[in-house]
Amino acid sequence: MTTPILELNDVSVDFDGFFALTDLSLSLSHGELRSIIGPNGAGKTTFLDVITGKVRPTKGSVSLRGASIVGLSEQKISLLGVGRKFQTPRVFENLTVTRNLELAASPTKEPFSLMFKKLGPTAKDEVHRLMDYVGLAPFAKVLAGSLSHGQKQWLAISMLVAQSPDIILLDEPVAGLTDEETNRTAELIKSLAGEHTVVVIEHDMEFIRDLGAPVTVLHQGKLLTEGTLDEVKSDPKVIEVYLGQAD
Amino acid sequence: MVQATAPASTKTILRASGLNVYYGESHILRNVDLQIPEGEMICLIGRNGVGKTTFLKTIIGLLEQRSGNIEYDGKQLTSQAPYKRARAGIGYVSQGRDIIPRITVRENLQIGMESLPGGMGKNRHIDPLVFELFPILEQFLNRRGGDLSGGQQQQLAIARALLGKPKLLLLDEPTEGIQPSIILDIERAVKRIIQETGISVLLVEQHLHFVKQSSFYYAMQRGGIVSSGPTSQLSDDIIEEFLTV
Amino acid sequence: MKLFKKLIPWLLLAFAFFVLPAILSQFRLNLFGRYFSLAIVALGIDLIWGYTGLLSLGQGIFFALGGYAIGMHLLLVTQNDFTTGANGLPKFFENYGVDNLPFFWQPFWSFPWTLIAIWLIPAIVAGLVGYLIFRNRIKGVYFSIITQASLMVFYHFFNGQQKLVNGTNGLKTSTTEIFGMVVGSDDAQIVFYRITLILLPFAYLLCKFLTSGRFGDALIGIRDDEARLRFTGFNPVPFKVIVYLVAGGLAGISGALYTIQSGIVSPQYMAIPMSIEMVIWVAVGGRGTLIGPIIGAVLVNYLRSLVSEALPEAWLFVQGGLFIFVVVLMPDGIYGWFKNGGFMSMLAAFGLAKKSATYPKVDMDEGYAAES
Amino acid sequence: MELIFSQLLDGLSIGSVLLLAATGLAIVFGLMGVINLAHGELMMIGAYVTYVTQNLFRPMGEGIFELYFLFALVFAFFITGIVGVILERTLIRQLYGRPLETLLATWGVSLVLIQFIRSVSTSMTIGIVVAVVLGFLAQRFAPKKLKQASFYPYLSGLAWLVSAVIGFLAITALSGSKFLSKPWFGPRNIDVTAPKWLQGSWGSIAGIELPGIRIFIILLSALLLAFVAWFLTKSVWGLRIRSVTQNRQMSNCLGIPTDNVDSITFGIGSGLAGVAGAAITLLGSVGPNLGAAYIVSCFMVIVLGGVGNLVGTVIASMMLGIIQSIIGSGAILIAFPEIPNPSRAVIEFFATTSMSYVLIFIFIIGFLQFKPTGMFPQKGRSVES
């Protein structure tokens, strides 16, 4: 077992007396694909907020490759190799698809290098490869705001990939997608794992099944159980959370 | 898959037909037809994110359909503001409970009476029935709504909706994230209200025991109704498909 | 056709440069010179507001600083009866019994330094103020309010310091001399008019350079979704500081040009209304486009001259109405309205033009079809 | 020491005026997210209402005249409040959720109000009424067929424009009559005579005179603050307002008419501006430009105190008032003449009213470096979304 790339230890988040996360410990190894499920209000989004630096944990430690990232700004954590897709696909609607991707793919994010240096050929190739891969190439010069919902989801995901982070965090990547789009997204995500560590938060169980990845169940800010989907499904604790009681 | 049918009862309080609802560009509800008979509890089941909450929000008026009709109490509801619908007798208990956080429990309850004729200016007396149903509320009258626990907030939300004497009560996952003991309290309270006042209830729920208290179910998947029937016919297959993990 | 469209602004510029001086009266020409210099500050505002989403209500500070820089130089180097007092210093110092030139006046003896100071001092002040605000993630209306407050502070400072900058009266430049010409004379004014028209396209090209590349994309990212940009690894603070600094420098240049053409710089340039009006020029012309602010600045100020000449009392009504109209009904401004097909759709509504195909939707869904 | 005390009192009264002015703004900003740059002009309306009330009461004889100011306060509240409600219903409502846009649009409103006060005359009033009535009639009686036409929006805009032109022509026609076209107020400042019972001293504490007007303003602002606190926490409308601000959607679903709540909230905020304007007439002559003098200080109070917090507003306005009166007047130097030179020079530099603004601003910017959200930030998850 290699050292985990991301490790959360006893993390709690307290919003004025309301505990969004309670003593959550979790570790991810390099190249892993992990699904996270849980009822609404289980703390899934807060979990991502903690990792990406949006919310500072009240207690506990978060470390990336063994070094603590608690208290770092969002942009620093992002530069360290953590990318995140939000629940709603947040893309820059007034920029074209290409420019969205080029912004994400920029190897440096300093103002002067953006001003005076052209984007290198490797980054450009990567942008084209990604557009081809997710089928956005015909829309390269279209403003992202006029893409369909599903295309925005893909654009958001490909922007993440263009950032080439080690860890990709996906919050509800298939919300509002059609069946076909959902299937294609599952393929896309599976292809990302291995090279990247991918964490997927979803409600859609068929999609989770398609991913075939280990599942972590959160409930009321705590880690309820971990295992394969089938193991989790037959876990009485999970049944209780989802069905109320085991009958 | 089970054939979709409508409940047999003659008089309906609410009839939704061909509803299509979008969030921005994403198509959330697809041609939803649903009927709620008077004086009965109907249940809408389905996994997280399939559009159940969207459906309730469309009925109360927080979202507007792009096409389709909602007929309530014999009248069409089209682009009426939520507060008008509340005053027409639709009570809504939302998923997040939406207790107004920085006012007291008493004030939260008073706001529940805003939908009565004359509003809360004329209706200041809190019906003791709600304290009978949820004794904990009487104890905590002067606490801030936001300081209650999840279960207490849920009871407050239901009590608040009841004080408006609705004809139709919309309950969105009233048992979500709540201890089993309180779930039973809530179940009992809802059943008692239906028996005593004859109101209709549309329940969105995952908790199987509660689901089985209703007379009829609709199951939703990816924004459409895919199955419906009397709850007594709720088979293990359907439970497996729509309620479990 | 496309080339022609691109050429239009440059043709207009050439027209203004060569033809207008021949056909307009000296008085009108001078007014147009002022409008064009105001277009430069409007460009800066567009850079920070239209592109980056920072609504600064304090551009008057930088505008006036530029004006004061040139004014101080002119007052120092001019030696004539109108401007020079008995002690060889600018005349106003006599009134307050100041015999020693305040230290910060000294460098303004130098013409090269003045040319630099016109944009450098405002830029530095802007960068400093901007840094102090941005690093705390203060944005939106708070940013606007604080810039407005800092404007008031500078206003009070310049108003109150009679011994340093002649307080309320400001510095009168029309009687000063430069390169042997009286600044207020017709000959000099034509030169200033032409200088303005040379600098305006440079300001435009600078803004174009900043907004068209990936730097500009990042600015738009900050405007539309700053948090998202942060999660992509960008630190928005230096970006904001840089554009605010550039906008400040442009405001300084604009203020200097305006000062020599209007003949005076005074704390009134830092009064609250002036800075808000600058914002409205941009809004009227069309923010987020670089032609828009130029159109807006020239048009609104021209309108102002016309209305104030005909019916002085009506101007505030017209201006107020214009504010409300543009904000509520024409949020993209005149240029944006044309560009987004507003004009064509108006014609189409009256049946005078063919209805253009609706916005090209990438995918049509049945919901739209069902509704319409 | 006595000097310091009297300056303190002075500061409290300056702070009280600020508080009066800022409370309304804080309500509108904190509860509705509207940046109302016309707030100062609403104050101006309150001041002019006071002036008109005074003139109406003057012929009624000495005894009744003495009471005019109390009536003026009530009139100022209601008339300015009504102006606020009209403003909310016609303009502000279009702009909710876009605070920067409310800022620009309300600035436009402020310009119109300033010029209105300057040039309002009988002929102008008639012209405006004619234009508005014509405009409404045109919309009201437009044939239904026309209303469905695609060019109707342009047509209705044109109808308004034509009505405006007719109104303007009416004004021009009427302006032949000197009597009708004489401005009611004109651009010059107006003076309000304080009733006798407010003038002079209200006694003294430890040898320090208590000037009636200042004490009255302090009491008035305290009273009004108490009223606002009572209204927001105890009254039914206050409950509705709090409910809507904390959870708009759910309040709507529970039967609270949110649009009426908006109007009333904005009306109350505007009414308070009117009362502040009335109080300001006691301090000296006022004119159409009254608003500009107060608006920025009011916003500073809000930035410093934190949004949507009455306690913060009180503390911030008192703090600014006291800094202004103690430093700005140079009172410190007179009270402590033996301050050594470097600090003395600094204090002297800031010892004018203008320069005390500079000091206050430096103070606020410095403060925001440590607490960017003000003294009393709003807590909770939803602050930054």
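Values for this structure:
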read-out	value
Check: chain A dipole with +1 on Lys, Arg Cβ and -1 on Asp, Glu Cβ, in debye	1100 debye
Accessible surface buried once B binds D (1.4 Å probe; total of both sides; Å²)	2000 Å²
Under the Karplus curve 6.51 cos²θ - 1.76 cosθ + 1.60, θ = phi - 60°, whole-Hz ³J(HN,Hα) for the stretch C:336-346, x wherever Gly or Pro sits	x, 5, 5, 5, 7, x, x, 5, 5, 6, 5
Eligible lysines near residue D:147 by straight Cα distance, threshold 25 Å, same-chain separation 8 or greater	C:354, C:355
Proximal lysines to residue B:11, defined as alpha-carbon separation beneath 30 angstrom and excluding residues fewer than eight positions away on the same chain	B:52, B:57, B:75, B:84, B:165, B:167, B:191, B:212
Phi to ³J(HN,Hα) by Karplus 6.51 cos²θ - 1.76 cosθ + 1.60 over the stretch B:218-228, Hz, x for Gly, Pro	10, 10, 10, 9, 6, x, x, 7, 10, 7, 7
Drop in accessible area of at least 50 Å² in the complex versus isolated chain, residues of the stretch D:68-100, 1.4 Å probe	D:100
Amide hydrogen neighbours beyond the local backbone of residue A:6, cut-off 5 Å, H modeled	A:28, A:65
Whole-percent carbon and sulfur share, accessible surface of the stretch B:12-242, 1.4 Å	45 percent
Per residue accessible area of the stretch A:142-247, 1.4 Å probe, in Å²	34 Å²
Calculated from backbone phi, Karplus (6.51, -1.76, 1.60) coupling profile of the stretch A:89-106 in Hz, x at Gly/Pro	x, 8, 10, 7, 5, 9, 10, 6, 4, 4, 5, 4, 5, 5, 4, 5, 7, 3
Apportionment of accessible area to carbon and sulfur, chain D, percent (1.4 Å)	71 percent
Environment charge of residue D:159, counting only residues whose C-beta is closer than 15 Å and scoring Lys/Arg +1, Asp/Glu -1	+2
Estimated 222 nm signal from helices in chain A, with DSSP H stretches of n ≥ 4 weighted -39500 (n - 2.57), rounded to 500	-11000 deg cm²/dmol
Buried solvent-accessible surface, both chains (A, C), 1.4 Å probe, Å² to nearest 100	3000 Å²
In the stretch C:24-271, lysine pairs with alpha-carbon atoms under 27 angstrom apart (chain gap of 8 or more, or interchain)	6
Share of pairwise Cα separations in the stretch C:24-271, more than 33 Å, in percent	23 percent
Student exercise, the stretch A:133-201 dipole from Lys, Arg, Asp, Glu Cβ charges, in Debye to nearest 20	260 debye
Among B:62, B:22, B:79 - extreme Cα towards positive end, dipole of the stretch B:1-111, charges at beta-carbon	B:62
Helix-only [θ]222 nm of chain C, DSSP H runs n ≥ 4, -39500 (n - 2.57) each, per residue, nearest 500	-22000 deg cm²/dmol
Relative contact order (percent, whole number), chain C, Cα cutoff 8 Å, 6+ residue spacing	30 percent
Residue-averaged 222 nm ellipticity for chain B, from DSSP H runs of 4+ at -39500 (n - 2.57), nearest 500	-9000 deg cm²/dmol
Å² per residue, accessible surface of the stretch C:60-108 at 1.4 Å	39 Å²
Total accessible surface hidden between C and D, rounded to 100 Å², 1.4 Å probe	4200 Å²
Residue D:58-residue D:208 pseudo-label distance in nm [points 7 Å out on the Cα-to-Cβ vector]	3.7 nm
Links that overshoot a 32 Å alpha carbon limit, given the list A:118/C:2; A:141/D:371; A:141/A:190; A:59/D:234	A:141/D:371; A:59/D:234
Unit charges on C-beta of K, R, D, E only; dipole of the protein assembly as shown, Debye	2720 debye
Percent accessible area from carbon and sulfur atoms, the stretch A:131-192, protein chains only, probe 1.4 Å	50 percent
Qualifying aspartates and glutamates (Cα of each under 16 Å from Cα of residue B:122; at least 8 residues distant if same chain)	B:107, B:114
Residue B:45 long-range amide H proximity, modeled H, under 5 Å	B:218, B:219, B:220
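The values are calculated or read from the model by the stated rules, or taken from the named source; none is laboratory data. For clarity, every value in this text was computed on a predicted model and none was experimentally measured. Because the Cβ atoms are built from the backbone with ideal geometry, glycine has one as well, and the counts that use them run over all protein chains shown. With ligands, DNA and RNA removed, areas are computed over all heavy atoms of the protein, side chains included. Shrake-Rupley method; radii C 1.70, N 1.55, O 1.52, S 1.80 Å.
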